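Following: one structure in structure tokens, then a few remarks.
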Amino acid sequence: MEMYTTTRHEATIPVSEYLEQFVDIPTFLSACQKCQNYNHVWSCPPYDFNVESYWKKYRTLYLLATKIVFDEDVREKTYTQEELQEIIRTVLKTEKHRLGEELLEKEKQYPGSVSLSAGSCDQCASGCSKEQGNPCRFPETMRYSIESLGGNVGLTIEKLMGLKLEWMEDGKLPHHFVLVNGLLMV
């Protein structure tokens, strides 16, 4: 039994406009510092490059979002924290992987482009190699997220796609989750 459906949402914006309207590097870097992945995962800050300069290497940002809408009977149930984490892990990982694969294919179609992940990298089941001071095991497919580069995903989807982020409350799933990826193109 399927517990959710998805809808696809797309938008394109010049990187210069995106930087001006949707990127706040200091605010999001501060938020990243509170996360367990900060300085422990290669796809997360702190970076050894200038984030604003990274954005400016590209001309266009193509955004691709998947809105994951939970079925009503699934939303009506109350779950334990463990059950919620398992649902999130299963559903989000499946959809994140699907989006990521699609954008890696788009990179091949647009030479010089690079995709942006929905959230931090989760390729290494045994933990990121950064923890041991080693280089990334999968540099060819590791991607940064929009948030880790200072992008405000909530504002992005609201202004460019007419969507809103929702959150879990009191053991209940929200109506929907939204995963947002991007493709930076030269």
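Surface listing: 97, 40, 176, 9 arranged by accessible area from highest to lowest gives 97, 40, 9, 176, probe 1.4 Å. Whole-Hz Karplus values for region 131-148 come out as 4, 9, x, 9, x, 4, 6, 10, x, 6, 10, 5, 9, 7, 9, 4, 4, 5 Hz, taken residue by residue from phi with 6.51 cos²θ - 1.76 cosθ + 1.60 and θ = phi - 60°; glycine and proline positions read x. Near residue 144, the amide H atoms lying under 5 Å from its own belong to 117; only residues 5 or more places off or on other chains count, and H is placed 1.01 Å from N. Spatial offset of region 115-186 relative to region 59-92 amounts to 13 Å, using the alpha carbon center of each. Per-residue ellipticity at 222 nm, computed for the chain from helices alone with -39500 (n - 2.57) per DSSP H run of at least four residues, works out to -10500 deg cm²/dmol. Measuring nothing but how far apart in sequence close Cα pairs (under 8 Å, 6+ apart) lie, relative to its length, the chain scores a relative contact order of 38 percent. The residues of the chain present an accessible area of 56 Å² per residue when probed at 1.4 Å with all protein chains retained.
Hey, of (1) 1.04; (2) 1.12; (3) 1.00, which did the structure itself give for Cα Rg over 2.2 N^0.38 Å when calculated? Among (1) 1.04; (2) 1.12; (3) 1.00, the one derived from this structure is (1). Remark: region 75-186 carries a charge dipole of roughly 260 debye about the Cα centre, counting +1 on each Lys and Arg Cβ and -1 on each Asp and Glu Cβ. Between the residues 125, 173, 141, the greatest Cα displacement towards the positive end of the dipole of region 92-186, with unit charges on the Cβ of Lys, Arg, Asp and Glu, is found for 141. Per-residue SASA remark: residue 71, around 50 Å² accessible (1.4 Å probe; ligands, DNA and RNA not included).
For the chain, with all protein chains in place and a probe radius of 1.4 Å, 51% of the accessible heavy-atom surface sits on carbon or sulfur.
Taking amide hydrogens as placed 1.01 Å from N in the peptide plane, the amide H of residue 4 sits under 5 Å from those of 71, each at least 5 positions away in sequence or on another chain. Looking at region 1-94, the GluC sites (Glu not before Pro) that sit in a DSSP loop and have at most 15 other Cβ atoms within 10 Å of their own Cβ are 2. Qualifying trypsin sites (Lys or Arg not before Pro) in region 83-160, where qualification requires a DSSP coil assignment and no more than 16 other C-beta atoms within 10 Å, comprise 137.
The values are calculated or read from the model by the stated rules, or taken from the named source; none is laboratory data. Only a predicted model underlies this, so the values are computations on that prediction, with no experimental measurement involved. For neighbour counting, all protein chains shown are included, and Cβ atoms are generated from backbone atoms with ideal geometry for every residue, glycine included. For accessibility, only protein heavy atoms count, side chains too; no ligands or nucleic acids. Shrake-Rupley method; radii C 1.70, N 1.55, O 1.52, S 1.80 Å.
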